[in-house]
Amino acid sequence: MFSLIPFRKNTSVAFQDALGIERFLEDFFQEPFFPVFSPELGAMKVDIKDTESAYVLEADLPGLKKEDLLLEFDNDRLTIAVERDEHFQAEKDNYLRQERRWSSMSRSFVFDNVNPDKISAEYENGVLKVTLPKRETKPRGKRIKIS
C-alpha cells in the first residue's frame, strides 16, 4: 500500500558553493526513492559473533537456493558469493514473454586464528550460518618464578 518516507530538513544546502552541491547530491542518492544506490536495501546482512572456541557468522540470504551460494576460505579471508540466473517464459494468446534476470554479489571477511580444516556451514530458511573454529593455542614457554 503506502509507506512512510522520512523527511530530512536540510537547511545547510547552498547551491553557490561546491560543498553545498556535494551535500545535496550525497543526500539525494541516499534517499529511499533510489534503492539501487541505497546500501541498506540490497546488501547482504551479516552478524558475526566471537565465542571462546569459534567465530560464528550468520548471513541473511532469503529466496536463494543452496546451489546459488559459494563459500571460499583462503589466506584468512572468508568470501561469500551469490550468483543467480533466473529465466521466465510465458505463452498465451499469441503473446510471448521472456524475461531473464542475472544478479551477483559477494562479501569478504578477514579472520585471524582460524582452523580452515574444521570450517562448517549450513543454509536453512534463508539464513547461512558459517562456523569458523579457532586454532588451539598452546601456551608457549613457562612462567619463571623470580627469587
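Quick notes on this structure:
- Exposure proxy for ARG100, ARG107: other Cβ atoms within 10 Å of each Cβ, ordered fewest to most, give ARG100, ARG107.
- Under 5 Å from the amide H of VAL127 lie the amide H atoms of LEU61, each residue being 5 or more positions distant or on a separate chain, with H modelled from the backbone and absent for Pro and chain starts.
- The range 45-133, relative contact order [Cα under 8 Å, separation at least 6], %: 32
Here, each number is a calculation from the coordinates, and none is a lab measurement. Because the structure is predicted, anything quoted here is derived from the model rather than measured. Backbone-built Cβ (ideal geometry, glycine too); neighbour counts: all protein chains shown.
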